[in-house]
Each structure stands twice: as structure tokens, then as C-alpha cells.
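**Student:** Starting off with a structure, shown below.
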Amino acid sequence: MNTWVETADPDRPAHRVAAGHRHQVVVCLAAALLAADGRPEPESAELARRIVLLTDGAIVTAPRESTAAPAAAARAIAAALPADSCAETVGRG
């Protein structure tokens with residue numbers, strides 16, 4: 001995440017590598033969600049993006065607050081997402 005933010009220019013090689021890594025995290029998580037509950041691909045990909053967003057926020061917030069509490073909060077938020085919360089946003093863009 002640091003590399004991605006510190007090299008915000010998308011044409012820089014380090015930025016492309018960091019962005020590619022984040023994309024792969026989303027792809028792997030979406031595949032795990034699909035395998036775990038059979039969620040259709042567009043929904044599993046959307047849920048994966050949301051979970052990664054929560055994770056990114058926790059990673060950035062934890063050092064600022066000098067606590068692991070943001071990780072617990074992100075976990076609680078993810079657990080509270082309704083099972084069909086992504087179905088209605090898939091396809092809206």
C-alpha cells in the first residue's frame with residue numbers, strides 16, 4: 001500500500017506492481033468467496049472489493065491510532081454485511 005500511495009503516478013513501474021498486487025488480492029478473495037458459498041462471480045468480486053477496502057482502511061488507520069482496533073472494527077463491519085448486499089450494486093458500475 002505504501003508503494004502504491006507514494007508512487008501515485010500510474011505510469012511508474014512500482015505503482016503498476018503495487019496495483020497489480022492489489023488486483024490479485026481481490027481476485028483471490030473473490031475466488032475464495034465463490035468457493036465458500038457459491039456466490040455468483042459478479043457478486044463475489046464486488047464483495048471482495050468491499051472487504052479489501054475495509055482492510056486497506058484498517059491498515060492505514062491502525063498505525064495512526066497506535067492500536068489494532070481498526071482491524072477488529074473492519075472485521076465486525078464485514079461480518080455485519082447482509083449476505084445479499086452486493087447483488088443490488090453489481091452492474092450499476
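The values are calculated or read from the model by the stated rules, or taken from the named source; none is laboratory data. Just so you know, these numbers come straight off a predicted model, no measurement behind them. Positions of Cβ are backbone-derived with ideal geometry, glycine not excepted, and every protein chain shown enters the neighbour counts.
**Student:** Residue by residue through the range 64-93, note down the ones that are modelled with pLDDT under 90 and not in a loop (DSSP other than H, G, I, E, B).
**Tutor:** A78, A79, A80
**Student:** Output the residue which, of all residues in the range 1-34 that are of a type in the set (S, T, N, Q) and at pLDDT below 90, is farthest from V52 (Cα to Cα). Quick ask: steps written out before the conclusion?
**Tutor:** From the range 1-34, those of a type in the set (S, T, N, Q) are 2-3, 7, 24; that's our starting set.
Restricting the remaining residues to those that are at pLDDT below 90 gives 2-3, 7.
Working: N2: 15, T3: 17, T7: 20 Å.
If we take residues in the range 1-34 being of a type in the set (S, T, N, Q) and at pLDDT below 90, then T7 is farthest from V52 (Cα to Cα).
**Student:** Kindly establish whether T61 is within 21 Å of N2 (Cα to Cα), without any contact (Cβ under 8 Å) to a residue 60 or more places away in the chain and outside any helix (DSSP H, G or I).
**Tutor:** no
**Student:** Could you please give the count of residues in the range 1-39 that are among the basic types (K, R) and either assigned to a helix (DSSP H, G or I) or closer than 25 Å to T61 by Cβ (or both)? Reasoning before the result, please.
**Tutor:** Within the range 1-39, the subset among the basic types (K, R) is 12, 16, 22, 39.
Still in the list and also either assigned to a helix (DSSP H, G or I) or closer than 25 Å to T61 by Cβ (or both): 16, 22.
Residues that pass the stated criteria total 2.
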